[in-house]
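Novice: Quick one: structure below, then a few questions.
The values are calculated or read from the model by the stated rules, or taken from the named source; none is laboratory data. What you see is a predicted model; the values in this text were computed from it and never measured. All Cβ positions, even for glycine, are placed from backbone atoms using ideal geometry, and neighbour counts span all protein chains on display. These area figures cover heavy atoms from the full protein model, side chains too; ligands, DNA and RNA do not enter into them. Shrake-Rupley method; radii C 1.70, N 1.55, O 1.52, S 1.80 Å.
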Amino acid sequence: MIEKLLQPMDKHKIEEGILKQVFEDMDSKKANSKGKKKEVKKETGLGLTYKKDENFGEWYSEVVVSGEMIEYYDISGCYILRPWTMAIWEALQVFFDAEIKKMNIKNCYFPLFVTENVLQKEKDHIEGFAPEVAWVTKSGQSELEVPIAIRPTSETVMYPYYSKWIRGHRDLPLKLNQWCNVVRWEFSNPTPFIRSREFLWQEGHTAFATKQEADEEVLEILELYRRIYEEYLAIPVVKGKKSELEKFAGGLYTTSVEAFVPNTGRGVQGATSHCLGQNFAKMFQINFENEKGEKAMAWQNSWAYSTRTIGVMVMVHGDDKGLVLPPKVASVQVIVIPVPYKDADTKAIFDACLETVNSLNQAGFRAEADLRDNYSPGWKYSHWEMKGVPLRIEIGPKDLANKQVRVVRRDNGAKVDIPVASLVEQVKDILSSIQESLFNAAKEKRDACIKVVTTWDEFVKALNDKKLILAAWCDEEEVEKDVKSKTKGELGAAKTLCTPFDQPELPEGTLCFASGKPAKKWTYWGRSY
């Protein structure tokens, strides 16, 4: 399939009546830019069939494949993560792993499998995950005497051994993290990165002597998750606390960073940091002797972010040309493309491209040259735009003569000619500008979708208008359940996303939008992935 898509186009066989030269160089006066784009897409198969604003679901499914992020697998809900994706995951991993090591958190690895009796020790916890647990029931042709579960998360896998390793206060804190995969089987509407049967994540599991230590770490980790989204993926998020109904099953409380996709009007739980309290310590007997010689129970946290982060990035930044990657996580930050005219000194142009790549790589950028001679420059432009490379550099005979290069931004299409002598400094500034512009544009779109409501009618209208709803709420679980019940439909029910830590002023006498009772807080509501 990919080979078919990448076959070069024979310019002399374009159907009569269509522009004769699709891939004229950018400086050519003959090119009709609108016609050219259309024909490039038609003839190469590189363009997207669906538009983001018209059919978001199909657009997303198409862009993650055409942008070479994933390939569909023959088991529903499972996807092949291609190198373009793994480079982004590794960039996030390098940042996060270094930060948690500063916190003296150690990496480890626990087995993928867990026995049924251990999995079911914490009743609330397993009830929350039961429908999603996949079971191994056979070995070859033989039935296993006892089915073995594949981890949906690792609390019950790890904590029997925390009980073994923690004996006295000197064994605390115990702070471990693992980079692994997990499997969650039963669900409908699989979506690459956002909702899949197997996904990659990190999961941290820590134990402390005091609640204060646990509380402090919850927020410290949550701040790292905010930085992943805002500083690396250029996506604005809200830090807040989950409701009792939406918190982690078996935990004391859950905090999260919440993103929002304006095109669908849906929130996305970006990452979570949970305080588990002493519930799991009680179930798994994670006890220790404190400094006074008394028996005490440990306080525990767990926290995780997954490859879902990458899906949110595609949804927020992608456009009708394909992916748009923030420079901080892009596998290739700069692509250099030769643009030889007829009778041009092709070798000199190619040498200039390689020199440009070399100088950029030596300066710490991730740059590559596309020197394939069986594809035209126009084809290459479309190809690397589809893959979302932040910056394109074009070098033709005129650029060579003037000792300059042409630079084209992926985010806004802006073009500028830059002297070779100042290339490194200017590329650094432009990439920094792209990173900042992507975040600012995403924040502006997100903020335009926020709707403050105080009545039920306002809530329903905002929900139907695909808004991120900030509502005054009485903080009662039955009221939350009632809102879910009343808003059920084809698009899914509304629910609380989080109560933001940054609370707007709540005027005295403000009533809950759903119950009419006195409101206690402002909470974000909406449909979600």
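Novice: Can you list residues from other chains, or at least 5 along the same chain, whose modelled amide H is less than 5 Å from the amide H of G388?
Specialist: Here the answer is L323, since their amide H atoms fall under 5 Å of that of G388.
Novice: Along segment 181-198, what does the Karplus equation 6.51 cos²θ - 1.76 cosθ + 1.60 (θ = phi - 60°) give for ³J(HN,Hα), rounded to whole Hz, x for Gly and Pro?
Specialist: These are the phi-based 3J(HN,Hα) values: 10, 9, 10, 9, 8, 7, 6, 10, 6, x, 9, x, 6, 7, 8, 9, 6, 10 Hz.
Novice: What ranking of H169, H383 comes out by heavy-atom accessible area, probe 1.4 Å, highest first? Let's see the in-between values first.
Specialist: On the way: H169 50, H383 15 Å².
Sorted by accessible area, descending: H169, H383.
Novice: Run the numbers for N287 and T454: contour at 0.36 nm per residue of separation, minus the present Cα-Cα distance, in nm.
Specialist: On the way: separation 167, 0.36 × 167 = 60.12 nm, distance 4.69 nm.
Result: 55.4 nm gained on full extension.
Novice: Please turn the phi angles of segment 419-436 into ³J(HN,Hα) values with the Karplus equation 6.51 cos²θ - 1.76 cosθ + 1.60 (θ = phi - 60°), one per residue in order, whole Hz, x for glycine and proline.
Specialist: x, 4, 4, 10, 4, 4, 5, 6, 4, 4, 5, 5, 4, 5, 5, 5, 4, 5
Novice: Roughly what would the spin-label model give for D465 and N181, points 7 Å off Cα along C-beta, in nm?
Specialist: 4.4
Novice: Could you work out how much longer the chain between T115 and T137 gets when fully extended? Use 0.36 nm per residue separation minus the Cα distance between them, nm to one decimal. Please report the intermediate quantities before stating the final value.
Specialist: Numbers: separation 22, 0.36 × 22 = 7.92 nm, distance 1.15 nm.
The T115-T137 span can extend by a further 6.8 nm.
Novice: Which angle between 0 and 90 degrees, to the nearest 10, do you get for helix 308-317 versus the longest principal axis of the chain when only C-alpha atoms count?
Specialist: The angle comes out near 40 degrees.
Novice: Report the FRET efficiency, 1/(1 + (r/R0)^6), for E223 and K342, where r is their Cβ-Cβ distance and R0 is 45 Å, rounded to 0.05. Let's see the in-between values first.
Specialist: Working: r = 57 Å, r/R0 = 1.26.
My answer for the efficiency is 0.20.
Novice: While we're here: Report in % the part of the accessible area of segment 79-122 that belongs to carbon and sulfur, leaving out ligands and nucleic acids; probe 1.4 Å.
Specialist: Values: 1400 of 2330 Å².
Result for segment 79-122: 60 percent of the exposed heavy-atom area is carbon or sulfur.
Novice: Would you mind checking the tilt of helix 33-44 against the longest principal axis of the Cα atoms of the chain, expressed as 0 to 90 degrees and rounded to 10?
Specialist: 70
Novice: Which FRET efficiency, nearest 0.05, do N279 and F350 yield, Cβ-Cβ r, R0 56 Å? Walk me through the numbers on the way to the answer.
Specialist: Details: r = 64 Å, r/R0 = 1.15.
It comes to 0.30.
Novice: Could you work out how far helix 477-486 tilts from the main Cα principal axis of the chain, as a 0 to 90 degree angle to the nearest 10?
Specialist: Compared with the principal axis, the helix lies near 50 degrees.
Novice: So what are the ³J(HN,Hα) numbers for segment 243-250, from phi and the Karplus equation (6.51, -1.76, 1.60; θ = phi - 60°), rounded to whole Hz, Gly and Pro as x?
Specialist: 6, 4, 6, 9, 6, 4, 4, x
Novice: So what is the 222 nm mean residue ellipticity for the chain from helices alone, if each DSSP H run of at least 4 adds -39500 (n - 2.57) and you divide by all residues, rounding to the nearest 500 deg cm²/dmol?
Specialist: Details: 16 runs with 180 residues, N = 529.
It lands at -10500 deg cm²/dmol.
Novice: Here is a follow-up. Determine Rg/Rh for the chain; Rg is computed over alpha-carbon atoms and Rh is the Kirkwood hydrodynamic estimate from the same atoms.
Specialist: Details: Rg = 26.6 Å, Rh = 25.9 Å.
Ratio value, two decimals: 1.03.
Novice: How far, in nm, would the chain grow between N402 and E216 when pulled straight, counting 0.36 nm per residue and subtracting the alpha carbon separation? Working shown, then result.
Specialist: On the way: separation 186, 0.36 × 186 = 66.96 nm, distance 5.78 nm.
61.2 nm is the gain from fully extending N402 to E216.
Novice: For segment 476-529, state which GluC sites (Glu not before Pro) are in a DSSP loop and have at most 12 other beta carbons lying within 10 Å of their beta carbon. Working shown, then result.
Specialist: Working: sites: E476, E477, E478, E480, E490, E505, E508; in loops: E476, E490, E505, E508.
Here the sparse-neighbourhood loop sites are E490, E505, E508.
Novice: Hey, any idea what % of segment 139-238's accessible area is carbon plus sulfur with a 1.4 Å probe?
Specialist: Working: 2010 of 4210 Å².
Exposed carbon and sulfur together represent 48 percent of the surface.
Novice: Dipole magnitude of the chain about its Cα centre, charges +1 at Lys/Arg Cβ and -1 at Asp/Glu Cβ only, in debye to the nearest 20?
Specialist: 560
Novice: Quick one: if the Förster radius is 25 Å, what FRET efficiency do A130 and T510 give, using the C-beta to C-beta distance and rounding to 0.05?
Specialist: Details: r = 39 Å, r/R0 = 1.56.
In this case the efficiency is close to 0.05.
Novice: Taking segment 212-269, which GluC sites (Glu not before Pro) meet the DSSP loop condition and have no more than 13 other C-beta atoms within 10 Å?
Specialist: Numbers: sites: E213, E216, E217, E220, E223, E230, E231, E244, E246, E258; in loops: E244, E246.
Answer by residue number: E244.
Novice: Sticking with this one: Which one of W303, V324, G240 has its Cα pushed farthest toward the positive end of the charge dipole of segment 209-332, where Lys and Arg give +1 and Asp and Glu give -1 at the Cβ?
Specialist: V324
Novice: Residues in segment 226-266 near a label at N55, defined as backbone nitrogen under 17 Å from the 7 Å Cα→Cβ point?
Specialist: Residues passing the 17 Å test: 264.
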